[in-house]
Amino acid sequence: SRPFFFTFVGNLKRDGKIRNPNPNFHARSDLKRFHDKDSGVLVMEAREFAETMPNVSFEDLLTMSKFSGAPRGHSKFSYRFSEVMAAGSIPVVLADDWLWPFRPEVADWEKCAVIIPERQANITLAILHNITNEERCKKRQACWNIYQNYMETDTKVVAGLIEGWESIFSTG
């Protein structure tokens, strides 16, 4: 059972130290207003998580979550995405121009992840609540298949990359 509807633990602020900060980094700070532990929505900084839930590891939190946030940071990807996939939670990608780990010929990301443009971060929960249990089960299964086939080990990651390259060169 997954008692948490949506979780995200990580940096929720803009970082003014970055030379060319992502103008859409607000997607992370927009998520903070959704925090409501009583309704199964946890959105907090790592320090706050460690203080309020000292007996729960971050990995355990992900395995207890139906959906988990994977907003972009200062680049077009987030390591959080891989962590969410490994835990069997459905990644909620809040990003424009996201750089997927594998080509769409290898992994159908639309069937797996919930993809939300950064400018729509403020309606994340409304989008997630509109996903039926059946759709959620299909997404989780698609994510699990992608993870098992292409992300579970270094060898599988390399195989996924090669399969993606082969799809490029075979159309040539």
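The values are calculated or read from the model by the stated rules, or taken from the named source; none is laboratory data. Values in this document were obtained by computation on a predicted structure and should not be read as measured data. Ideal geometry is used to build each Cβ from the backbone, glycine not excepted, and the neighbour counts take in all protein chains shown. Remember, those area values only see protein heavy atoms, side chains included, never the ligands or the DNA or RNA. Shrake-Rupley method; radii C 1.70, N 1.55, O 1.52, S 1.80 Å.
Tabulated data for the structure shown
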| item | result |
| --- | --- |
| Failed condition for Ala86, given (1) open to solvent by 40 Å² or more (accessible area, probe 1.4 Å); (2) without any contact (Cβ under 8 Å) to a residue 40 or more places away in the chain; (3) within 21 Å of Glu135 (Cα to Cα) | (2) |
| Wholly enclosed helices (runs of 4 or more DSSP H) of segment 38-108 bearing at least 3 residues under 12 Å from the mean Cα position of the chain (by Cα) | 79-87 |
| Candidate set: segment 112-137, residues that are of a type in the set (D, E, K, R) and under 16 Å from the mean Cα position of the chain (by Cα); chosen: the one least open to solvent (accessible area, probe 1.4 Å) | Glu118 |
| Residue ranges of helices (runs of 4 or more DSSP H) in segment 110-172 with at least 2 members modelled with pLDDT of 95 or more | 124-129, 133-146 |
| Condition broken by Phe102, with the remaining ones in (1) farther than 20 Å from Asn11 by Cα; (2) in contact with a strand residue (DSSP E or B) (Cβ under 7 Å, 6 or more places away or on another chain); (3) open to solvent by less than 20 Å² (accessible area, probe 1.4 Å) satisfied | (2) |
